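A quick write-up on the structure given underneath.
The values are calculated or read from the model by the stated rules, or taken from the named source; none is laboratory data. Remember, predicted model here, so these are calculated numbers, not experimental data. Here the Cβ positions follow ideal geometry from the backbone for every residue, glycine too, while neighbour counts run over all protein chains shown. Note: areas computed on protein heavy atoms with side chains; ligands, DNA, RNA excluded. Shrake-Rupley method; radii C 1.70, N 1.55, O 1.52, S 1.80 Å.
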Amino acid sequence: MTVYEELVARGLIAQVTDEEEIKELINNGKATFYIGFDPTADSLHVGHFMALCLMKRLQMAGNKPIALLGGGTGMIGDPSGRTDMRQMMTVETINHNIACFKEQMERFIDFSDGKALLVNNADWLTQLNYIEMLREIGPHFSVNRMLAAECYKQRLEKGLSFFEFNYMIMQSYDFYVLYEKYGCNMQFGGDDQWSNMLGGTELIRRKLGKDAYAMTITLLLNSEGNKMGKTAKGAVWLDPKKTSPYEFYQYWRNIADADVMKCIRMLTFLPLEDIEKMSSWEGAKLNEAKEILAYELTALVHGEKEAAKAKEASAAVFSGGNLDNAPGKEIGQEDFEDNSIDILKLLVLTELAPSRSEARRNVEQGGVSVNGEKVTDISKRYSSEELQGDGLLLKRGKKKFCKVTVK
RNA sequence: GGGUGGUUUCCCGAGUGGCCAAAGGGGGCAGACUGUAAAUCUGUUGCGGAUGCUUCGGUGGUUCGAAUCCACCACCACCCA
């Protein structure tokens, strides 16, 4: 099976500019392609992860990836598919984020010996001279056409500033620069990037009379049509300090039935034959698929060891067993009053509840238990002796646990 | 530059002087049911143990009392230039 066929089979490809050409290039390792990452946060998330996996797949097939960090484009912010403007970031924040991205990317992609490149578009975008720039590439863009682009639709109703409108031009210019500098002949990106990417291929054609190609990756949506990898509290991060391996594992373990197979197909590296076998699983059996998905992804992102720990902790917490790896929290002597601590404070300290009010509600509604026993008294206190040794296993709701011990 | 409309709690959106911590919906959380799924039903959803405290773009003002009235400022949308 060729790489291209595999990508199709996994449902990763959304749109392509020229299917035959792209097949030919990537199947034969002749593509030099780039994917852009704007440094919008201090960690990559699941959406980026898909892009990185794609890079890896193509790299394994002999193609050369370029990871483009958006130190320049990040100064503007992509308005595609958004209803409001992104918050402008300071240069310091952008640089910090870039450093974080770099570190995480190096764990996935092999950048040694020029097998892949890591570049920052701030290197050329910030050097541009406004007038020169306008004369050089301005004539190649039609405002009429830009406005017709799907990605601006929402913004044309809510308002789009000239500032953001330029994003597409910057991204197109990136592609052009990379083509000239590194012979980059292909761009990949999320499906929401389609318009921006076409801008690039068109600019290259108009300026250089050469063909370049673009391909978008299917956005990972759940059965309700929302982007995956997002929780009420925000994104599911790849940085273990922001989303612990346990939380990461749990996110995938709790996925909806309708989405499991799609995720396994799109996100894991399991062979397609194995995935085929799983696709007939139904009902409770699907739970096994969820375990596999959670384990595989956690292993890819955090390593086998962390994945095994997360799996064990989950098993322990949900069906009994060794709790050593369960999420835990140590509290200090200073948190005690008269050598004891009340249940609400424990819930807040362990971050199982965001505030005492919320914690109180949880207790009142019968959602809190300690060492398996339901707690209904909001003024219940625990002495520091009770927290010695193995500590207490606090549980809020069905899925949130924390083992509290004293320092 | 001129005009009109707007800015409400996580989001949408009601509220136009006291009965407002603020309707309704979405989302979240908890409970029941289950398979750590979905659907459904119930409760809950600013902070605080409580008398209470802090919120309705910002700043001042009117009033016994303001999310609601006035002034100025900021931001946004639409229309006219």
(message) A 22 angstrom limit on the alpha carbon distance is what I want to check against. Which of A:242/A:403; A:242/A:262; A:311/A:403; A:329/A:374; A:233/A:329 exceed it?
(response) A:242/A:262
(message) Taking the square root of 5 times each eigenvalue of the Cα gyration tensor, what semi-axes in Å does the equivalent ellipsoid of region A:214-322 have, largest first?
(response) 21, 18, 14
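Please report the relative contact order for region A:321-407, taking Cα pairs under 8 Å with a sequence separation of at least 6, and give it as a percent rounded to a whole number.
Computed value for region A:321-407: 37 percent relative contact order.
Which chymotrypsin sites (Phe, Trp or Tyr not before Pro) in region A:180-231 sit in a loop by DSSP (not H, G, I, E or B) and have at most 14 other Cβ atoms within 10 Å of their own Cβ?
Listed in order of number, the matching sites amount to none.
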(request) Classify region A:31-99 as rounded, prolate or oblate from the Cα gyration tensor: take a ≥ b ≥ c as the square roots of its eigenvalues, call it rounded if a/c is under 1.5, otherwise prolate when a/b beats b/c and oblate if not. (result) prolate
(request) Express in whole angstrom the spacing between the alpha-carbon centres of region A:239-289 and region A:143-219. (result) 33 Å
(request) Answer with one residue from A:94, A:112, A:131: the one whose Cα lies farthest towards the positive end of the charge dipole of region A:40-131, charges on Cβ with Lys, Arg +1 and Asp, Glu -1. (result) A:112
(request) Quote the Stokes-Einstein diffusion coefficient, in whole µm² s⁻¹, for chain A, based on the Kirkwood radius over alpha carbon pairs, a temperature of 37 °C and a viscosity of 0.692 mPa s. (result) 138 µm²/s
(message) Keeping every protein chain present and rolling a 1.4 Å probe, give me the accessible area per residue for region A:59-136 in Å².
(response) 54 Å²
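On the accessible surface of chain A, probed at 1.4 Å, how many percent belong to carbon and sulfur atoms?
The C+S portion of the solvent-accessible surface of chain A is 48 percent.
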(request) Could you state the accessible area per residue of region A:177-222 in Å², with a 1.4 Å probe and every protein chain left in place? (result) 37 Å²
(request) Using DSSP to define loop residues, name the chymotrypsin sites (Phe, Trp or Tyr not before Pro) in region A:60-132 whose beta-carbon has at most 16 other beta-carbon atoms within 10 Å. (result) A:111
(request) Please label the shape of region A:184-245 as rounded, prolate or oblate, based on the square roots a ≥ b ≥ c of the eigenvalues of the alpha-carbon gyration tensor (a/c under 1.5 means rounded; beyond that, a/b larger than b/c means prolate, else oblate). (result) prolate
(request) Restrict the search to region A:30-92; then list the chymotrypsin sites (Phe, Trp or Tyr not before Pro) that DSSP places in a loop and that have at most 15 other Cβ atoms within 10 Å of their Cβ. (result) none
(request) State which entries of A:115/A:227; A:305/A:398; A:115/A:309; A:230/A:400; A:102/A:395 exceed 29 angstrom in Cα-Cα distance in the structure shown. (result) A:115/A:227; A:115/A:309; A:102/A:395
(request) Please give the contour-minus-distance gain from residue A:93 to residue A:324: 0.36 nm per residue of separation, less the Cα-Cα distance, rounded to one decimal in nm. (result) 79.4 nm
(request) Counting only GluC sites (Glu not before Pro) that are in a DSSP loop and have at most 10 other C-beta atoms within 10 Å, tell me the longest site-free stretch of chain A. (result) A:1-223
(request) Please report, in whole Å, how far the alpha carbons of region A:25-157 spread along each principal axis, starting with the longest. (result) 42, 34, 31
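Tell me the mean residue ellipticity at 222 nm calculated for chain A from its helices only (DSSP H runs of n ≥ 4, each -39500 (n - 2.57), averaged over every residue, nearest 500).
Calculated mean residue ellipticity at 222 nm is -13500 deg cm²/dmol.
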(request) Could you tell me what percent of the DSSP beta bridges with both partners in chain A are antiparallel, to the nearest 5? (result) 50 percent
(request) Over region A:296-380, average the accessible area per residue using a 1.4 Å probe and give it in Å², no decimals. (result) 54 Å²
(request) Give the shape of region A:326-407 as rounded, prolate or oblate, defined through the alpha-carbon gyration tensor: a ≥ b ≥ c are the square roots of its eigenvalues, a/c under 1.5 means rounded, and otherwise the shape is prolate if a/b is larger than b/c and oblate if not. (result) prolate
